[in-house]
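Undergrad: Sharing a structure here in structure tokens format.
The values are calculated or read from the model by the stated rules, or taken from the named source; none is laboratory data. For clarity, every value in this text was computed on a predicted model and none was experimentally measured. Please note: Cβ atoms are built from the backbone with ideal geometry, for glycine as well, and neighbour counts cover all protein chains shown.
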Amino acid sequence: MLNFLKRIGSGNMKHYSDAWIEEWCQENGWTDLFIERCNSYWAFPPGAVMPEPIPMQVLRVIKAQKGLTCEERFWSITAVIATMIAAFVTYWLRCPIPLVAAFAFNAVTVAQLEVEDAY
């Protein structure tokens, strides 16, 4: 839980659970998984002497099968709740600024949810 809270403030959103990647490595014979940086996974393919990055196609398939990580769910739910609160405050104060702030927050959240190809 502490690592999750540290990552929230870091600005880098994890799009893949480490357990998902480890499971794929076990199923496909890849060994010695390590995480170079956020969302960049390396391991030794079967019979290889040098580690290689987990292919992006594989990461996309894993993401399609498993869905959102806990961190992505947290930010999605937070965005929805912030929008509902902002809509109420906008109506109550008769001022559009809270809704504009919620829109800006949601724009940043959606941008963070976008999975970028590392290579």
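Undergrad: Since residue 31 meets every condition but one in (1) within 20 Å of the chain's Cα centre (by Cα); (2) surrounded by fewer than 17 Cβ atoms within 10 Å (Cβ to Cβ), which condition does it not meet?
TA: (1)
Undergrad: Going through the stretch 35-48 one residue at a time, which ones are within 25 Å of residue 12 (Cα to Cα) and at pLDDT below 90?
TA: 35, 36, 37, 38, 39, 40, listed by residue number.
Undergrad: Before we move on, is residue 106 under 19 Å from the mean Cα position of the chain (by Cα) and on the phi > 0 side of the Ramachandran plot? I'd like the intermediate steps shown before the answer.
TA: Working: under 19 Å from the mean Cα position of the chain (by Cα): yes; on the phi > 0 side of the Ramachandran plot: no.
The answer is no for residue 106.
So that you can scan it fast, the table gives a plain yes or no per residue for (1) part of a helix (DSSP H, G or I); (2) at pLDDT below 95:
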position	(1), (2)
5	yes, yes
12	no, yes
21	yes, yes
32	no, yes
77	yes, no
84	yes, no
98	yes, no
106	yes, no
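Undergrad: So which residues in the stretch 108-119 are assigned to a loop (DSSP other than H, G, I, E, B) and not aliphatic (A, V, I, L, M), if there are any at all? So that I can check it myself, show each step before the final result.
TA: The first filter runs over the stretch 108-119 and keeps only residues assigned to a loop (DSSP other than H, G, I, E, B), leaving 114-119.
Residues satisfying the conditions are 114, 116, 117, 119.
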